[in-house]
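Below is one structure; the comments refer to it alone.
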Amino acid sequence: MQTRRAQARYWARRRRPWVLVIATCSLAIVAAGGSGPAIAMTPAARDAAVSVAVTRAPNRTITSKAIITKSKATTNTSKATKFTEKATISNEKATVRRITGKISRSDPFALFSNRALSGGGQIAAGPDGAFWFSGGTSSLDRITADGAITTYTNAAYLSQVDDVISGPDGAIWFDAGFRTGDLITAIIERIGVGGTITTYSFPTLSEFSSVTVTAGPDGAIWFTTDNDFVGRLSISGAVTIYSDATIDNAGFITAGADGALWFTDNGGVGNPLGRISTGGSVTIYADHASFSDVRSITTGPNDAGSDAAIWFYNDFNHALGAVAADGAVTTYTGPGTIAQENIISGPDNTVWFGADRADELSLGRLTTAGIVTDYYNLGNTSNILWLTAGAGDSIWFTTGRIGTDVVGHFTIPVVLRLAALGDSYSSGEGTLKYDKDSGKCHRGPDAWPRLLASSAPDIKMEAHLACSGATSEALAGTVKGQPDQISELARLRPRPTLITMTMGGNDVRFGDVLADCYHTNCIRDGTLKRAASAIADEKTRLLGDYDALIKADSSATILIVGYPRIFEQDHFCGNKELGLGFKISELAELNKLGGQLDAVIREAAAEAGVRYVDVTDALKGHELCSKDSWVFQIGIDHVWHPQEGGHPTAPGQRAIADIVRKYIDSHL
């Protein structure tokens, strides 16, 4: 991370006319969004005992979709020269004072106030569950979740605290300015809870005045300096300095997911990103559009199969992005990606940032699928500047305020752990994109349960168990070589909190009915009549299915999802030249049959005490044989994909996912 001193020098060199344009855009956002009044507290109130003192206006959440673009950075790799020395180590003592913060809650936000505090500095989680942040003049502060605050002051050795990190040795490390008269020289320091400060100063680099630090993957502290060096400091004080002509002005530094150290190069052509291995191999990545004004970098998130080494925020085009070691760049842009100074990888495998939203306190979250969620604390005009991930499900931050709402935390909304069971209408049949290990079950990433889980970070896919062709009997037995779904569900750990299932279509042999209607007259031969009789007997089987689900996981919410209407019924659907297809009279009867099955499913769900989601109109306007059909075609024209016929394609799966999402938002 870049220090405030380094940022000041950086912007002094880089004042450009486009800064005024960004300011104009920000004013427009303020005018459009507005903000409520700030919460005022008296000095006495700020110093009072911990209590819930203020109830703010309700919070709000806004979700949007970012535009995702791909590019490739050019790379240049070289070997840095290095020299070693021994840091001078000394111990000092800070003055320790304990105070109490006033807690103001407006779930999921909580903010702490005390007139002795001055926020805006960086914040890090300590090994003891407390949080450390740089604050007022010559001080470093520590706060617990219940508002107990300890301030550490030392006029000489805590005169300019910037980067605050949790070190590999379990201590808090930071860079600070050592003051001798008017001269401030940057040093690296560590501090314990008791207030003992250990300082590391470097004889060869005594003239540098700024440093950024991070915990390295090798158990050491890595740092950059304002004279274009990257360094490594061991706990014992051994220093290795790396110098390379390709590094022009190293800024932020962080450990990447690839085991190397990544840094910004604010003085290089196009403001490139740099990477240095623990052995000193330097690679410079140039992509002017993506890296033109990077303000922050962080590790992760890293989904399965992803090779992203670091994430970054580019303030020039308000883009969040990820870059891999091979130079592959993915950027996310949109109205929701305008951030403040700092981004972090959250405990929920997403990117979190202080959102720049109309002068209201707000947090932003980005998933790798491009879903941006903004969380607003209405009526609060603070700006979140620096963040860190807390234990479990929290994000802690500082605001830049003095006295009021200096530091706070946000509780991440509860994540629903999803297990998707059922037949082809839950497996993803019809999308032609299937998991290699799913065999004829045809489970795939475009199945609506998978799309539901990837659309927002509050749903996580724990298990996709649905199998094309599954019947009620097969639910508790093997089908197509796959283990039975009920046993798999019972074995899941952690336990899912949300279970979805589609079931019933194969029980009444609906696929065979479609095939018969396509090739013959299914009204005349009695096929539809026999199917209607089977549907009347289906309720008993479904009640058994739902009872098995409840016994396998009694604590989860169970959503039984119906079937969409797949036919238009105002014109022939098929191959007229061959005389094969669905007649208008058959289409009407088939839709009627589907409606009867959904009615039985709904009735059985109500009797069993589980929830039913109606998706009848999910494909409306996009039925089979429509001009823009979202249903895989049936018949001889698609002989190579007989299993897919009559199932929703990827857009249809998305439509079903959207309806289920709306149900979850309004009912759960």
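The values are calculated or read from the model by the stated rules, or taken from the named source; none is laboratory data. Since the structure is predicted, the reported quantities are computational estimates derived from the model, not experimental observations. Cβ coordinates were reconstructed from backbone atoms using ideal geometry, including for glycine residues, and neighbour counts include every protein chain displayed. All accessible areas refer to the heavy atoms of the entire protein, side chains included, with ligands and DNA or RNA removed. Shrake-Rupley method; radii C 1.70, N 1.55, O 1.52, S 1.80 Å.
Please report the spacing between the Cα centers of the range 515-547 and the range 578-657 in Å, no decimals. Cα centres, the range 515-547 to the range 578-657: 14 Å. Each residue of the range 432-449 was assigned a 3J(HN,Hα) from its phi angle through the Karplus expression (A = 6.51, B = -1.76, C = 1.60, θ = phi - 60°), giving 6, 10, 10, 5, 4, 8, 8, x, 6, 5, 6, 7, x, x, 9, 5, 4, x Hz with x at Gly and Pro. Give me the percent of the accessible area of the range 361-453 that comes from carbon and sulfur atoms, probe 1.4 Å, all protein chains in place. Looking at the range 361-453 in its full context, I get 55 percent from C and S. The trypsin sites (Lys or Arg not before Pro) found in the range 420-470 that occupy coil by DSSP, while having at most 16 further C-beta atoms within 10 Å, are LYS433. Taking Lys and Arg as +1 and Asp and Glu as -1, the other residues whose beta-carbon sits under 14 Å from that of ASN591 total -3. Ranked by the mean number of other Cβ atoms within 10 Å of their residues, highest first, the peptides 572-580, 423-431, 479-487, 589-597 fall in the order 423-431, 589-597, 479-487, 572-580.
Extending 7 Å from Cα along the Cβ direction at ALA145 and again at ASN91 yields two label points whose distance is 3.2 nm.
Using r as the Cβ-Cβ distance of THR61 and ASP128, and R0 as 51 Å, what FRET efficiency do you calculate, to the nearest 0.05? Efficiency, rounded to the nearest 0.05: 0.95.
In the complete set of protein chains, residue-level accessible area for HIS519 is approximately 110 Å², probe 1.4 angstrom. Of LYS436/LYS662; LYS576/LYS627; LYS460/LYS620; LYS440/LYS592; LYS440/LYS460, which pairs sit farther than 20 Å apart, going by alpha carbon to alpha carbon? Correct reply: LYS436/LYS662; LYS460/LYS620; LYS440/LYS592; LYS440/LYS460.
In the assembled protein chains, GLU92 presents an accessible area of approximately 60 Å² (probe radius 1.4 Å). Accessible area per residue for the range 107-176, computed on protein heavy atoms with a 1.4 Å probe, is 25 Å².
For the range 404-473, the solvent-accessible area with a 1.4 angstrom probe is 31 square angstrom per residue. Put a dot 7 Å past the Cα of ASP525, heading toward its Cβ, do the same for LYS82, and the two dots end up 7.7 nm apart. Per residue, the range 513-643 exposes 50 Å² of accessible surface when a 1.4 Å probe is rolled over the protein heavy atoms with every protein chain present.
Computed from backbone phi with θ = phi - 60° and the Karplus coefficients 6.51, -1.76 and 1.60, the 3J(HN,Hα) list for the range 486-492 is 5, 5, 4, 4, 5, 8, 5 Hz; x is used for glycine and proline.
A simple count of charges around PHE174, restricted to other residues whose Cβ falls under 11 Å of its Cβ and scoring Lys, Arg +1 and Asp, Glu -1, yields -3. Once the Cβ-Cβ distance of ASP547 and VAL414 is raised to the sixth power relative to R0 = 30 Å, the FRET efficiency obtained is 0.65. Put simply, when 642-648, 529-535 are sorted by average Cβ atoms within 10 angstrom per residue, most first, you get 642-648, 529-535. Here the accessible area of the range 473-587 is 52 percent carbon and sulfur, with a 1.4 angstrom probe and all protein chains present.
Excluding same-chain neighbours fewer than eight residues apart, the lysines reachable from LYS102 by a Cα-Cα span under 29 Å are LYS93.
Expressed as a whole percent, the accessible surface of the range 218-318 that belongs to carbon and sulfur atoms is 52, based on a 1.4 Å probe.
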